[in-house]
1. Which residues, taken from the range 101-140, are surrounded by 11 or more Cβ atoms within 10 Å (Cβ to Cβ) and outside any strand (DSSP E or B)?
2. Need pairs with beta-carbon distance below 6 Å; first residue without any contact (Cβ under 8 Å) to a residue 12 or more places away in the chain and within the range 50-78, second surrounded by 15 or more Cβ atoms within 10 Å (Cβ to Cβ) and outside any helix (DSSP H, G or I); sequence gap 6+ or separate chains.
3. Looking at (1) under 21 Å from GLU132 (Cβ atoms); (2) part of a helix (DSSP H, G or I); (3) open to solvent by 50 Å² or more (accessible area, probe 1.4 Å); (4) of a type in the set (A, V, I, L, M, F, W, C), which is the only condition ALA91 fails?
4. Would you be able to say whether some residue in the range 64-77 is surrounded by 10 or more Cβ atoms within 10 Å (Cβ to Cβ) and either in contact with a His (Cβ under 7 Å, 6 or more places away or on another chain) or at pLDDT below 80 (or both)?
5. When residues of the range 44-59 are filtered for being farther than 19 Å from SER31 by Cα and modelled with pLDDT of 80 or more, how many remain?
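The values are calculated or read from the model by the stated rules, or taken from the named source; none is laboratory data. This is a predicted model, so every value here is computed, not measured. Reconstructed Cβ throughout: ideal geometry from the backbone, glycine too, with neighbour counts over all protein chains shown. Side chains included, ligands, DNA and RNA excluded: accessible areas come from the protein's heavy atoms. Shrake-Rupley method; radii C 1.70, N 1.55, O 1.52, S 1.80 Å.
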Amino acid sequence: TPMTSAPEASTSMEPSAPPTVRVLSAEQLKSWSRCRKQFLYKAVRGMRWPSPQGNFVLGQDVHKLLEYQALGLDVAPVLRGVREDVQAHYAALAAHPIARAPVVAVEWAFHVPAPEVPGFWLTGRVDRIVKEDLGGRKRIA
């Protein structure tokens with residue numbers, strides 16, 4: 001998920017220096033915890049690395065089918081026109097109990113203050129929020 005505000009430029013190459021970005025996506029937060037230099041280059045300086053497009057396209061296609069399914073649309077006509085690997089991945093994910101639970105929201109955006117990092121915000125999207133029945137108790141997952 002792209003950041004919603006431009007990061008402030010930082011000239012420090014010190015990997016332990018705190019970031020100057022004030023809005024963080026979940027991916028940026030993971031990057032910061034994994035490798036602070038990678039965070040500096042990606043989130044602060046805006047560098048991008050090439051990635052295999054095949055996996056990205058597969059993920060996009062499966063994600064869109066799951067979104068259509070969550071919205072209550074008939075995905076059968078679309079499934080007939082997609083590649084076999086997309087069909088297989090969609091079928092595996094659509095068979096999960098969460099995919100059959102009642103949908104509360106789809107592609108829900110959030111922007112909340114980071115509770116343990118004053119002055120920072122977390123931002124992103126939740127693909128699907130469902131209501132789950134746990135033996136008489138309800139849970140939003």
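1. Within the range 101-140, ALA101, ALA114, VAL117, PHE120 meet the criteria.
2. Sorted first by the residue in the range 50-78, then by its partner, the pairs are TYR68/VAL75.
3. (1)
4. Taking the range 64-77 as the starting set, the residues that turn out to be surrounded by 10 or more Cβ atoms within 10 Å (Cβ to Cβ) are 64-71, 73, 75.
Remaining after also requiring either in contact with a His (Cβ under 7 Å, 6 or more places away or on another chain) or at pLDDT below 80 (or both): none.
Scanning the range 64-77, I find no residue that is surrounded by 10 or more Cβ atoms within 10 Å (Cβ to Cβ) and either in contact with a His (Cβ under 7 Å, 6 or more places away or on another chain) or at pLDDT below 80 (or both), so the answer is no.
5. Selection size over the range 44-59: 3.
Rundown of residues vs (1) among the acidic types (Asp, Glu); (2) touching a Lys or Arg at 6+ places or on another chain (Cβ under 7 Å); (3) in contact (Cβ under 8 Å) with a residue 12 or more places away in the chain, yes/no style:
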position	(1), (2), (3)
GLU84	yes, no, no
TYR90	no, no, yes
ALA101	no, yes, yes
ALA105	no, no, yes
PHE110	no, no, yes
PRO113	no, no, no
